[in-house]
Amino acid sequence: MLATALFWALGRLRALWALICEHPLPFACGGILLACVWFWNGEQSAKREVSLVRAALDSAHKASVAELTRATAERDAAIKHEKEQNDATDQRVAAARADDSRRLADYIGRLRAAEHQGDGGSLPPSGKANMAQGGNRPGSSAELDARLNADLEICTVNTRRLLEIHNEAVTDSPQSH
């Protein structure tokens, strides 16, 4: 049965080849027409794929631009917030330094008053009495006062800085959030 079907198919192919050889022009045009339809279908498929790729690229570009805009706005907000915090800290430090300077001046005034009253204040007596004491003490009270004022100012400023750094570290720590 298989052999008869095979012989029948082979007979039909021979008849088709004889027909093509007798009339080559209509079969050639038909072949060209089939090839054109096949290429046109491929072109349409390629155009669909290109439009899908372009749509995906446009979508990705829009998402990228939106993400960049969001990130830029977030960065600008963080910079603004940090600047506001720095300005507030600067204002607090300036106010605290003014208060510290006032307190330092009050402290030095109290020491001077205690010195003049003879309470044994911690500052040495000023004037010529200090100069006559010999080589164990500084040469002049003005020099000592200047050094003492400078040292107290440095201690006050450094203490204020350390307190501000400590306060910022405490408020920025993860446990405080």
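The values are calculated or read from the model by the stated rules, or taken from the named source; none is laboratory data. No experiment lies behind these values; they were computed from the predicted model shown. Cβ: placed from backbone, ideal geometry, glycine included. Neighbour counts: every protein chain shown.
The table below gives the values:
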item	result
Among (1) small (G, A, S); (2) without any contact (Cβ under 8 Å) to a residue 24 or more places away in the chain; (3) surrounded by 10 or more Cβ atoms within 10 Å (Cβ to Cβ), the one test that A96 misses	(2)
Test: T89 is within 58 Å of the chain's Cα centre (by Cα) and of a type in the set (S, T, N, Q)	yes
Breaking point among (1) at pLDDT 85 or above; (2) farther than 30 Å from I165 by Cα, for G139	(1)
Some residue of the stretch 70-78 being in a helix (DSSP H, G or I) and under 30 Å from V157 (Cβ atoms)	yes
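Residues checked against (1) in contact (Cβ under 8 Å) with a residue 40 or more places away in the chain; (2) under 26 Å from L162 (Cβ atoms):
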site: V50; (1), (2): no, no
site: V53; (1), (2): no, no
site: T72; (1), (2): no, no
site: A77; (1), (2): no, no
site: K83; (1), (2): no, yes
site: D87; (1), (2): no, yes
site: S101; (1), (2): yes, yes
site: L104; (1), (2): yes, yes
site: R110; (1), (2): no, yes
